[in-house]
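A quick write-up on the structure given underneath.
The values are calculated or read from the model by the stated rules, or taken from the named source; none is laboratory data. Every value quoted in this text rests on a predicted model; they were computed, and no experiment measured them. Neighbour counts are summed over all protein chains in view; Cβ atoms, including those assigned to glycine, are modelled from backbone coordinates with ideal geometry.
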């Protein structure tokens, strides 16, 4: 399956669809509060909800309509690697739970079940998970798996899963990968591109601009003295992936509107003498409102340069003026 849209068309579609009301998807936090019909089910972490995930979810929806039932997605929170302590400190997520829920809702899925991932759940074998949860609890009618999806302690082969489907009388479909203009999107590959600062490559595989969200908090207010006031962003999720230090062209959603902006990520070497934390500071172009404590979303478009240390405030201001010129040109081209 190939997705062939130009970058401009894909971005236009994203900004248009992101303003639409999301599907009225029912969200369940327990196996006991699902009372719908025997559903078509798929499951996974779905970090990023990239085009590969979306194509899988579209297949689930199509099967649900064809079989006169409803679609159900099972996902897990926190991420299984965090519970299983599989290099958990290095894991960085493409989407928070709220972002993932919104993206899945926008696909038109009927039900999303967010199962708390615990050590107890991790102890289930694939067979016991299938029999005790999918069959007995949810009465699965049709299970759709990704081509490389593994679940359950010890895993399971597709042939073994096929035998279980015959034994318990549910349909089984294995969904193949999706090709996006010659590339196969994966959450791992997208994370790596972002960590390298390759925003364009990551956005290409995501199918939408990578974003971070948080709350505007107080800062040193230095930007106001050089005509570049910034909003300091406090992230909502500790494990959210933040691109490498540097300056980026971005779009900013705040107070319900979308603006152009420039964002600096780093330790602010010119003015920060403690050097003990990274900051995320956004200057919103052509904007002068006080947005302290407001929720903010920053969509990354392009990395402009590395973070730099300057001889003083005037040198910093001169560089910011140069950055602004470049960023305005970038954002005009991306419309």
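Tell me which helices (runs of 4 or more DSSP H) are completely within region 44-114 and hold 1 or more residues being crowded, with 22+ Cβ neighbours inside 10 Å, under 18 Å from the mean Cα position of the chain (by Cα) and not assigned by TED's automatic domain parsing to the domain that holds residue 241, or say none if there are none.
In region 44-114, the matching helices (runs of 4 or more DSSP H) lie at 51-66, 97-105.
Here are some residues: 229, 243, 269. Which one is over 18 Å from residue 202 (Cβ atoms) and modelled with pLDDT of 90 or more?
Being over 18 Å from residue 202 (Cβ atoms) and modelled with pLDDT of 90 or more holds for just one of 229, 243, 269, which is 229.
Each row is one residue, and each column tells you yes or no for (1) farther than 29 Å from residue 294 by Cβ; (2) within 16 Å of the chain's Cα centre (by Cα); (3) in a helix (DSSP H, G or I).
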position	(1), (2), (3)
121	yes, no, yes
148	yes, no, no
160	yes, no, yes
191	no, yes, yes
228	no, no, no
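From 185, 209, which residue is crowded, with 18+ Cβ neighbours inside 10 Å, at pLDDT below 95 and touching a helix residue (DSSP H, G or I) at 6+ places or on another chain (Cβ under 6 Å)?
None of the others qualify; the one that does is 185.
List pairs: first residue in region 117-129 and in contact (Cβ under 8 Å) with a residue 40 or more places away in the chain, second residue surrounded by 15 or more Cβ atoms within 10 Å (Cβ to Cβ) and not in a loop (DSSP other than H, G, I, E, B) anywhere in the structure, Cβ distance under 6 angstrom, at least six positions apart or on different chains.
Final answer for the pair search is 117/76; 117/80; 117/83.
Take the conditions closer than 27 Å to residue 235 by Cα and touching a strand residue (DSSP E or B) at 6+ places or on another chain (Cβ under 9 Å) and apply them to residue 61. Does it pass?
No; evaluated as a whole, the condition is false for this residue.
Which condition number in (1) on the phi > 0 side of the Ramachandran plot; (2) surrounded by 15 or more Cβ atoms within 10 Å (Cβ to Cβ) is the one that residue 155 fails?
Going through the list (1) on the phi > 0 side of the Ramachandran plot; (2) surrounded by 15 or more Cβ atoms within 10 Å (Cβ to Cβ), residue 155 breaks only (2).
Filter region 166-182 for residues that are part of a loop (DSSP other than H, G, I, E, B), closer than 26 Å to residue 138 by Cα and in contact (Cβ under 8 Å) with a residue 12 or more places away in the chain and give the result.
170, 176 - these are the residues of region 166-182 that are part of a loop (DSSP other than H, G, I, E, B), closer than 26 Å to residue 138 by Cα and in contact (Cβ under 8 Å) with a residue 12 or more places away in the chain.
Quick one: residue 140 ticks every box in (1) in contact (Cβ under 8 Å) with a residue 24 or more places away in the chain; (2) within 25 Å of the chain's Cα centre (by Cα) except a single one, so which number is it?
Only one criterion in (1) in contact (Cβ under 8 Å) with a residue 24 or more places away in the chain; (2) within 25 Å of the chain's Cα centre (by Cα) is unmet by residue 140, namely (2).
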